[in-house]
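> This is the structure I have questions about; it appears just below.
The values are calculated or read from the model by the stated rules, or taken from the named source; none is laboratory data. It should be emphasised that the depicted structure is a prediction, and the values quoted were computed from it without experimental measurement. Cβ atoms come from the backbone with ideal geometry, glycine included; neighbour counts cover every protein chain shown. Ligands, DNA and RNA are excluded from the accessible area calculation, which covers all protein heavy atoms including side chains. Shrake-Rupley method; radii C 1.70, N 1.55, O 1.52, S 1.80 Å.
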Amino acid sequence: MSLIVDIKKDFGSFRLQVAFESGKEIVGLLGASGCGKSMTLRCIAGIVTPDSGYISLNGRVLFDSKKHINLSPQKRKTGLLFQEYALFPNMTVLQNVLTGLRHSDLDRRTQLARANEMLEKMQLKDLADRRPWQLSGGQKQRAALARMLVNQPEMFMLDEPFSALDSHLRWKTEREVLELARNFDGPVLMVSHSRDEIYHMCDCVLVYNNGFIDRAGKRSELFHDPQTVQSALLTGCKNIAYAQAAGAGKVYIPAWNITLSVQPPVAESFSAVGIHAHFLRQSDGENCFDGVVEQIVEGPLDALVFVRPNGAERAICWAAETSACRKLARGAAVRLCIEPKDILFLEGEMIGE
């Protein structure tokens, strides 16, 4: 099972140019709104036609601009779950699922049998006669998934699958969709701007930046070594600043007015460094600096403490247990440390600077 995508599409004010391959795995498309993630899915599904390029699925060419091949969406054997599910409001759940078979060659009896089998699998059998407005958010999603999967696609794509759900439903639904995706025998693509969803769900990640793929790799590798400023931001690094080499094995960060030892030795090419907030420690040791607490944002289990190093232009964010922060207050003196191995070298421009 394999997917090959290499396409370009010019929208005038925006240009999409992406190339990647995927096998039987879950690939996350991570990026800010409007960066081309959803448009990529629509090009694969045949809803949008690229200006040029190539798309193939399991050896079947879906699109080839040079050979003038452009299969219709019905012939591509791809499934796409839209962000708002796009269920037909005047149809029952069963009727909605049957629309997934409207272009098949199956007779009516076989279509009904397959649709009912899919409803059973998606735990919707008792809701077959209900209409979308009578369903919960999770039930609507399962109905849309059933409609997508009933035609037995060779791959399926999820466009922000959890954005329409209330927060208390997301975790349960996420686990259900993950189990479905893990048992699917083909490529799965999932669009999201949530790093948590991507981390929970995906094997590999494509980080999008303004129509291009900024970084691609295995999930764990990308989150622990993002390599670019854009990838670091999207994978949750809260502390990113311009930096410069300051001698053997050291970097100086002007915005924080600190010099840090790094490991491995300073990279040949970098423009910034990143420090994950939860890697900062309140202790003595290597790479320690003194500062003053500017703000504390408490959460149920942990808190974000913004500490401005002495003489610095701006604060650095430290993630600490909420209980440990209750003795701190605005203006309190703090000493923080960071292990040399936990400092990230990054390339690219800082956003907003």
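> Counting other Cβ atoms within 10 Å of each Cβ, which trypsin sites (Lys or Arg not before Pro) in segment 49-139 have at most 10 and sit in a DSSP loop?
Listed in order of number, the matching sites are K66, K67, R102.
> Something else about it: Considering every Cα-Cα pair within segment 44-166, what fraction, in whole percent, is farther apart than 21 Å?
That tail contains 43 percent of the Cα-Cα pairs.
> I would also like to ask the following. For a quick size check, give me the Cα extents of segment 240-353 along its three principal axes, largest first, whole Å.
For segment 240-353, the Cα extents along the three principal axes come out at 42, 33, 26 Å.
> If you take the C-alpha gyration tensor of segment 136-225, multiply each eigenvalue by 5 and take the square root, what semi-axes do you get, largest first, in whole Å?
23, 16, 12
> Taking just the alpha-carbon atoms of segment 22-68, what radius of gyration and Dmax come out, in angstrom?
12.0, 34
> If you don't mind, there's one more thing I want to ask. At a 1.4 Å probe, what is the % contribution of carbon and sulfur to the accessible area of segment 6-63?
47 percent
> Accessible area per residue, 1.4 Å probe, Å², for segment 20-81: what's the number?
It amounts to 42 Å² per residue over segment 20-81.
> Mind putting together the pair-distance distribution for segment 1-102? All Cα pairs, 10 Å bins, whole percent per bin, short to long.
13, 42, 32, 13, 0
> Using a Förster distance of 30 Å, how high is the FRET efficiency between K67 and T99, based on the Cβ-Cβ distance and rounded to 0.05?
My answer for the efficiency is 0.45.
> For the residue pair A113 and S220, what label-to-label distance in nm results when each label sits 7 Å from Cα along the Cα-to-beta-carbon direction?
Result: 4.5 nm between the two label points.
> Another question about this same structure. Have a look at the DSSP beta bridges in the chain and tell me what percent are antiparallel, nearest 5.
Rounded to the nearest five, the antiparallel share is 75 percent.
> Let me ask you something else. Hey, if we sort S167, S22, S220 by accessible area with the 1.4 Å probe, largest down, what's the order?
S167, S220, S22
> At 1.4 Å probe radius, can you tell me the per residue accessible area of segment 86-139 in Å²?
So segment 86-139 comes to 63 Å² accessible per residue, rounded to a whole number.
> Ignoring any ligand, DNA or RNA, what whole percent of the accessible area of segment 165-230 comes from carbon and sulfur when the probe is 1.4 angstrom?
46 percent
> Next question. Which of the peptides 234-242, 45-53, 78-86, 295-303 is most tightly packed, and how do the rest follow, going by the mean number of other Cβ atoms within 10 Å of each residue?
Ranking the peptides 234-242, 45-53, 78-86, 295-303 by packing returns 234-242, 78-86, 45-53, 295-303.
> Right, something else. For segment 306-352, what size does the Cα cloud have along each of its three principal axes, sorted from largest down, in whole Å?
On the principal axes, segment 306-352 reaches 38, 24, 18 Å in Cα extent.
> At a 1.4 Å probe radius, carbon and sulfur cover how many percent of the accessible area of segment 242-349?
Carbon and sulfur: 49 percent of the exposed surface of segment 242-349.
> With a 1.4 Å probe and all protein chains left in place, how much accessible area per residue does segment 189-276 have, in Å²?
The answer is 41 Å² per residue.
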